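Novice: Encoded as structure tokens, here's the structure I'll be asking about.
The values are calculated or read from the model by the stated rules, or taken from the named source; none is laboratory data. This structure is a prediction, so every number in the text was calculated from the model and none was measured. Neighbour counts run over all protein chains shown; Cβ positions are idealised from the backbone, glycine included. For accessibility, only protein heavy atoms count, side chains too; no ligands or nucleic acids. Shrake-Rupley method; radii C 1.70, N 1.55, O 1.52, S 1.80 Å.
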Amino acid sequence: TMASFKLWIGASAADTITRLAVQLASTMVVARILTAEEFGLASLVLGVTTIMAAFIGLPFEESLAQRRKLYTSHLETSLFVSAVLTAISVAFSAVLGPVIERLANAPGFALALLAGSLLLFAQGPGAVARAIARRHRRFVDLSICNALSTALGSGFAVLAAFAGWGVYSLILQRLLPNVFFPILALMALKWRGQRIWIPTRWHPARFRELFRFSWLHLADVGVTNAGPATLSFLINAYFGQAVLGMLNIALRIVDPLRSALLSVGHNLAFSILVRMQTDARKLTVKAAEITADTGFFIIPAFVGLAVVSPVLLPMLVGPGWESSIPLSQMLCLAVAFSLPFNFYYSGYSALGRPEYGLYGSAFSLLAMVVAFLVSAWSGLGQTVGIAFITYEAAKVVIALALALPISGRALTTALIEIVRIWIGALIMAGVLHWLFLSSDRPQVSGLGLAGIVLAGMVVYPLVMLVVCPRCMRDFIRLFRSR
């Protein structure tokens, strides 16, 4: 119903804002304590642990959420397999950590990786809890648990940074929320009076049922998460840990908002699209509509972030990180371009076509590596930014290339809307820059920054009334008629 959908949107928005505020606040503290090299080392470690975490949890979450019929034995099997995969990850870290440390010339990597892998034990229970919440459409519970676990994780990370734990505080900041999440989700289920203890058992038949969807999704998830890790190791090899630390800081402006919008958006879009899984054409057209409707606020949000980066970054992380400003602007624009198109991949997942996601992630990874190597050999200044933009652009190209044969010209309307939204967002950016940031060294306070954001929220809808009144109507309709 519309009422419950509005409630989900409200809870998801509150969750997103809480997570953003908490992550940025903890980054403000941590960036003033740690060095660029420590941020660089954390990027390398988290690049690897993210891949392991994804392998342990994500494939099961998607296939449990996507199944038409779900039995307790599916959940038991998922927990069993994820426990085995966690043990393998810890063993992998213990054996290969020292090897990677030597090859990458990154002292301290092996021990930090082992510590990170030990925090992955909650990944499986977390995935099962998320899948159950998504199936029962308990998006409010999901949002509360997400926000709380991020707040707890970030709090501990800040204490760790003050205690002088260095790179370990950054690892805790990223991985501790995953430990808190299943604990909070269990408490929520208990509060609702549901059976909460699921034994960990092996059921070969159930595993086979989950595996057809899972192994393709697993490959996609593995390749997707290999992207940031590959970029981290390339940067480390060519430019060293300090430049990698600059990327880590630049990403900290983009990533909290991107990952929150992505997970919330995917869950909501998936719940709408999964009902159309018998009609591929209708589903793809709907995914294109969702892309345009969400693009209406995603694109100006990240374009606006790019505009205020020169004042926002120094405010957040203090002096000494100035060289990451142009990079953060490139990342903001790349994410503005690609994020709405991720809902095409939500559609392919709902269709039960995880291989489409794999094509997208594999092509993007290849394009990014080629772009990085060509830029580095040519001696281009912004090699890192160029590689990141190439990666995001390649993902969009594949999303559209796969959608066109399914629904052809029916996608044109939505694509034209996206172009118009971009025109509106860029006009807004120009106006904001001219009004507030056109001096050589703009000095803006926290209050001034809030003023710029509010001005953007006024200017953008006014511009859109001229550039694309239809986009405005579609966006309003999205919230009225559900």
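Novice: I'd like to verify a number: residues in region 68-95 that are touching a residue at least 60 places away in the same chain (Cβ under 8 Å) and outside any helix (DSSP H, G or I), how many?
Specialist: The total comes to 2.
Novice: Among the residues that make up region 76-99, is at least one of them buried (at least 20 other Cβ atoms within 10 Å of the Cβ), among the polar types (S, T, N, Q), modelled with pLDDT under 90 and over 26 Å from the mean Cα position of the chain (by Cα)?
Specialist: So far as region 76-99 goes, yes, one or more of its residues are buried (at least 20 other Cβ atoms within 10 Å of the Cβ), among the polar types (S, T, N, Q), modelled with pLDDT under 90 and over 26 Å from the mean Cα position of the chain (by Cα).
Novice: Filter region 5-43 for residues that are closer than 15 Å to Asp141 by Cα and among the aromatic types (Phe, Trp, Tyr); which is surrounded by the fewest Cβ atoms within 10 Å (Cβ to Cβ)?
Specialist: Here the answer is Phe5.
Novice: Identify all residues within region 58-75 that are among the hydroxyl-bearing types (Ser, Thr, Tyr) and open to solvent by 10 Å² or more (accessible area, probe 1.4 Å); write none if there are none.
Specialist: Tyr71, Thr72, Ser73 - these are the residues of region 58-75 that are among the hydroxyl-bearing types (Ser, Thr, Tyr) and open to solvent by 10 Å² or more (accessible area, probe 1.4 Å).
Novice: Let me ask something else. Can you find a residue that is closer than 19 Å to Met428 by Cβ and either outside any helix (DSSP H, G or I) or not hydrophobic (A, V, I, L, M, F, W, C) (or both) anywhere in region 333-355?
Specialist: yes
Novice: Continuing with this model, one more query. Would you be able to tell me the number of residues in region 436-456 that are surrounded by 13 or more Cβ atoms within 10 Å (Cβ to Cβ), within 16 Å of Val303 (Cα to Cα) and free of Cβ contacts under 8 Å to residues at least 40 places away in the same chain?
Specialist: 2
Novice: Let me ask something else about it. Only one of (1) open to solvent by 50 Å² or more (accessible area, probe 1.4 Å); (2) more than 26 Å from Phe296 (Cα to Cα); (3) more than 25 Å from the chain's Cα centre (by Cα) is not met by Gln382, so which one is it?
Specialist: In the conditions (1) open to solvent by 50 Å² or more (accessible area, probe 1.4 Å); (2) more than 26 Å from Phe296 (Cα to Cα); (3) more than 25 Å from the chain's Cα centre (by Cα), Gln382 misses (3) alone.
Novice: Only one of (1) closer than 22 Å to Val264 by Cα; (2) in contact with a Gly (Cβ under 7 Å, 6 or more places away or on another chain); (3) open to solvent by less than 40 Å² (accessible area, probe 1.4 Å) fails for Phe55. Which number is that?
Specialist: (3)
Novice: Pairs only if they're at least six apart or on different chains, beta carbon under 6 angstrom, first in region 49-65 and at pLDDT 75 or above, second buried (at least 24 other Cβ atoms within 10 Å of the Cβ) and not in a helix (DSSP H, G or I); list them, first residue then second.
Specialist: Here the result reads none, with nothing in region 49-65 linked to a residue that is buried (at least 24 other Cβ atoms within 10 Å of the Cβ) and not in a helix (DSSP H, G or I).
Novice: Does Leu142 meet the test of being part of a helix (DSSP H, G or I) and either open to solvent by 40 Å² or more (accessible area, probe 1.4 Å) or modelled with pLDDT of 90 or more (or both)?
Specialist: Judged against the criteria, Leu142 is not a match.
Novice: Is region 228-251 home to any residue that is open to solvent by less than 40 Å² (accessible area, probe 1.4 Å) and under 28 Å from Ile132 (Cβ atoms)?
Specialist: No - not one qualifying residue is present in region 228-251.
Novice: Let me confirm something: among Ser349, Ser328, Ser361, which residue is buried (at least 23 other Cβ atoms within 10 Å of the Cβ), over 23 Å from Leu247 (Cα atoms), in contact with a helix residue (DSSP H, G or I) (Cβ under 9 Å, 6 or more places away or on another chain) and of a type in the set (S, T, N, Q)?
Specialist: Every option except Ser349 fails the conditions.
Novice: Now for a separate question. Are any of the residues in region 271-294 open to solvent by 10 Å² or more (accessible area, probe 1.4 Å), under 20 Å from the mean Cα position of the chain (by Cα) and at pLDDT 90 or above?
Specialist: Checked against the condition, which is being open to solvent by 10 Å² or more (accessible area, probe 1.4 Å), under 20 Å from the mean Cα position of the chain (by Cα) and at pLDDT 90 or above, region 271-294 yields no hits at all.
Novice: Return the pair list, or none, for Cβ contacts closer than 7 Å from residues in region 403-425 that are among the aromatic types (Phe, Trp, Tyr) to residues that are open to solvent by less than 80 Å² (accessible area, probe 1.4 Å), at least 6 apart or on different chains.
Specialist: Cβ pairs passing all conditions: Trp422/Ile299.
Novice: Being at positive phi, of a type outside the set (A, V, I, L, M, F, W, C) and assigned to a helix (DSSP H, G or I) narrows it down to one residue among Gly408, Gly424, Gly385; which is it?
Specialist: Gly408 is the lone residue from the list that is at positive phi, of a type outside the set (A, V, I, L, M, F, W, C) and assigned to a helix (DSSP H, G or I).
Novice: Run Ile198 past the list (1) among the aliphatic types (A, V, I, L, M); (2) crowded, with 22+ Cβ neighbours inside 10 Å; (3) outside any helix (DSSP H, G or I) and report the number of the one that doesn't hold.
Specialist: (2)
Novice: Could we say that Ser375 is in contact with a Gly (Cβ under 7 Å, 6 or more places away or on another chain), open to solvent by less than 50 Å² (accessible area, probe 1.4 Å) and polar (S, T, N, Q) here?
Specialist: For Ser375, the condition - in contact with a Gly (Cβ under 7 Å, 6 or more places away or on another chain), open to solvent by less than 50 Å² (accessible area, probe 1.4 Å) and polar (S, T, N, Q) - is not met.
Novice: Residue check: is Leu114 assigned to a helix (DSSP H, G or I), without any contact (Cβ under 8 Å) to a residue 12 or more places away in the chain and out of contact with any Phe, Trp or Tyr (no Cβ under 9 Å at 6 or more places or on another chain)?
Specialist: no
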